[in-house]
1. Mind checking which residues of segment B:44-94 are open to solvent by 30 Å² or more (accessible area, probe 1.4 Å) and either within 14 Å of chain A (Cβ to nearest Cβ) or part of a helix (DSSP H, G or I) (or both)?
2. Are there any helices (runs of 4 or more DSSP H) wholly within segment B:148-262 with 1 or more residues that are touching a Cys at 6+ places or on another chain (Cβ under 8 Å), away from chain A (no Cβ under 13 Å) and more than 16 Å from ligand 1 (Cβ to nearest atom), and if so which?
3. Does A:GLY193 satisfy being within 14 Å of another protein chain (Cβ to nearest Cβ), touching a residue at least 24 places away in the same chain (Cβ under 8 Å) and among the small types (Gly, Ala, Ser)?
4. Does segment B:100-147 hold any residues that are hydrophobic (A, V, I, L, M, F, W, C) and out of contact with any strand residue (DSSP E or B) (no Cβ under 8 Å at 6 or more places or on another chain), and which are they?
5. For A:ASN17, indicate whether it is within 14 Å of another protein chain (Cβ to nearest Cβ) and either among the charged types (D, E, K, R) or surrounded by fewer than 20 Cβ atoms within 10 Å (Cβ to Cβ) (or both).
6. Answer yes or no: is there a residue in segment B:21-42 that is away from ligand 3 (no atom under 16 Å from the Cβ), within 22 Å of B:ILE220 (Cβ to Cβ) and among the polar types (S, T, N, Q).
7. I want to confirm something. Restricting to segment B:8-43 and keeping residues that are within 12 Å of chain A (Cβ to nearest Cβ) and either of a type in the set (Lys, Arg) or surrounded by 22 or more Cβ atoms within 10 Å (Cβ to Cβ) (or both), which single residue is farthest from ligand 2 (Cβ to nearest atom)?
Amino acid sequence: MEFVRNGDEIFPDLRVNIGSLELKNPVMTASGTFGYAREFENLMNLHRLGAVIVKGISLAPRSGNPPPRIVETACGMLNAIGLQNVGVERFIKEKMVYLQGLQIPVIVNILGDSIDEYQEITERLSGVKGIAAIEVNISCPNVKKGGVAFGTQAHMAKAVTEAVKMKSSVPVMVKLSPNVTDIAEMARAVEDGGADSVSLINTLIGMAIDLESRRPKLANVIGGLSGPAIKPVALRMVYQVAKAVSIPVIGIGGIDSTEDALEFMLAGASAVQIGTANFINPRVSEDIVEGMHRYVIDHNLSSIRELIGALEVK
Amino acid sequence: MTQYQEKAKITRFEQLSENIVRLTLYSPDIAAATKPGQFVMIKAGKGKDPLLRRPFSVHQTTSDGHLQILFKVVGRGTDMLARRKEGEEISVFGPLGKGYKIEKSKPACLVGGGLGIAPLLLLAKSISRMKMDTSKDVIILGGRSADEIKALVKDFKQFGIKVLVATDDGSLGHHGFVTDVMKNTRLADDSVVYTCGPEMMMMAVKNICAIKGLQCQVSIESVMACGMGACLGCTKHTKDNRYVHVCLDGPVFNAEDLKWNL
Ligand SMILES: Cc1cc2nc3c(=O)[nH]c(=O)nc-3n(C[C@H](O)[C@H](O)[C@H](O)COP(=O)(O)OP(=O)(O)OC[C@H]3O[C@@H](n4cnc5c(N)ncnc54)[C@H](O)[C@@H]3O)c2cc1C
Ligand SMILES: Cc1cc2nc3c(=O)[nH]c(=O)nc-3n(C[C@H](O)[C@H](O)[C@H](O)COP(=O)(O)O)c2cc1C
Ligand code: FES
């Protein structure tokens, strides 16, 4: 299916706005599950995506955790990749050229272990052609504060957001950690810090044990849970956050079908990200876009935006 | 390298022994593109549990679009796959990874143990077709018992390459390990050893190669989520403590490049 231009109207209209960023549809790929996009070029039509979010980038290259790094769990998986990435310089030199050639918005996910590091990466990225937005992963440990994750304390989450905003020439999306008591409070804190949008959820911390050997199944002992198993938690958090803030919310967590994606939109998400599902069906994101086309037509919607926050709670 | 996601029909189901199954799938795009040592990712069941695809080496391909996998039932995914019926469709994704590098002008020694025999059949076929002279080549296959490998030994014999066998219980061929057979076989100095099997076995093969000064290519395993470089979950250590990704850089490696810590 293609966009059909009907006078000035685009039909079916799947466009959504994430602040000043307009996407032709609400489907993005989640950081760390889609490589640097090129890996998927032969498996799907990348140009069908609303946006692509690349693997998290740090200031210096990181080699990641020792294996085993992944383990399957009931309807999900745990990962402790350890944020392996090529570092910001090699990212700009080796990966950006390809990404600049794509006709879709590219969102760069960043991470750091100090506020200075977040700020330095942002500085390094600003001015690089072809970056539509920055997504800030705040689920990383703050090394200077004893390793507490930035995203688990409101004041730190706000401080990171402010620091990145100060240096960024593009919109800033802050990716929230679900490993907190009150995610709405975190969302408000980053909104106060100037975030243009929030995306949630990152993985839920979990673990798996091998009874036979009496050892953890991951070398890192604990890891992040993703996949269908986390969808109900993610939906609930998106619902709560959408009510708490006035900036756009992007839903993530266990989405592997059009129906899943639309449920997140009803709960208040303006757009969604597809993560673990890419591993099982590399063209799932394109399938979801097609499903949305059909849904909008079949349900006679004037635009997919009608669904955002349209949940009826009685 | 082009990869495909195909709905493949099971055209033949063979129960080779109590827990070893061979599936023949009609998967023309993948079959035509596969090189020896490459693998496919297969969705064992239909729903979300188990969630991830399972990796399997390509055992054999045919020019009429068929592809075979050979697997042992070890857990939920393989159990589900072993319950599939002829005529059913399964989702196959591949071919993936880097396979064996066939040295056309050098004698080949293939060493397979247990399910590690799987990728060697396609390799043996390719070697028999690519090389003018296979008189110095040898295939050494090992398993627990005759039951486990008898049917396979027959398949390997069709290429006219010498086949030697070892079983743990002595019910077929040499009573003992493939490595015993390997030690007792006169191999030319420039032989290339291609191996796949349990890690213990491959390490022993690698050690023999080191002593004899032979090049050794091993096919290794790791847990995998995506099989195509997106999750970065399938790392192994190299001997200088860097990481490689089994699905992208392998599954076939030069044995001496890896760190062996058993
Ligand atoms: C590149 C590659 C090629 C492979 N080729 C073959 C093949 O040709 N034939 C074959 O029978 N098997 C092959 N395997 C192994 C096969 O993928 C596993 O046996 C399978 O994933 C197990 O799935 P399960 O759901 O039945 O087991 P699970 O329930 O997931 O696990 C059962 C047991 O198997 C172990 N296990 C699970 N996955 C692996 C793995 N990838 N490697 C080693 N142990 C594992 C678990 O630790 C556990 O002890 C290959 C693996 C890789 C990485
Ligand atoms: C293997 C793997 C690697 C990930 N790497 C990152 C990362 O680098 N940065 C980040 O912000 N999130 C990362 N995530 C989290 C995902 O982007 C997503 O938030 C999470 O997996 C939940 O969505 P899902 O259930 O659809 O996978 C990773 C997830 C997985 C499974
Ligand atoms: S299995 Fe995902 S990167 Fe290798």
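The values are calculated or read from the model by the stated rules, or taken from the named source; none is laboratory data. Source: prediction; values computed, not measured. Cβ coordinates were reconstructed from backbone atoms using ideal geometry, including for glycine residues, and neighbour counts include every protein chain displayed. With ligands, DNA and RNA removed, areas are computed over all heavy atoms of the protein, side chains included. Shrake-Rupley method; radii C 1.70, N 1.55, O 1.52, S 1.80 Å.
1. Matches in segment B:44-94: B:LYS46, B:GLY47, B:LYS48, B:ASP49, B:ARG54, B:PRO55, B:VAL74, B:GLY75, B:ARG76, B:ASP79, B:MET80.
2. B:178-184, B:199-212
3. So A:GLY193 does not fit the description; no.
4. B:MET130, B:MET132
5. no
6. Yes - at least one qualifying residue is present in segment B:21-42.
7. Taking the candidates together, the pick is B:ILE42.
This table checks each residue for (1) open to solvent by less than 20 Å² (accessible area, probe 1.4 Å); (2) within 25 Å of A:ARG69 (Cβ to Cβ); (3) away from ligand 3 (no atom under 16 Å from the Cβ); (4) small (Gly, Ala, Ser).
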residue: A:ALA229; (1), (2), (3), (4): no, yes, yes, yes
residue: A:PRO232; (1), (2), (3), (4): no, no, yes, no
residue: A:PRO248; (1), (2), (3), (4): no, no, yes, no
residue: A:GLU263; (1), (2), (3), (4): no, no, yes, no
residue: A:SER270; (1), (2), (3), (4): yes, no, yes, yes
residue: A:ASN281; (1), (2), (3), (4): no, yes, no, no
residue: A:VAL284; (1), (2), (3), (4): yes, yes, no, no
residue: A:HIS299; (1), (2), (3), (4): no, no, yes, no
residue: A:ARG305; (1), (2), (3), (4): no, no, yes, no
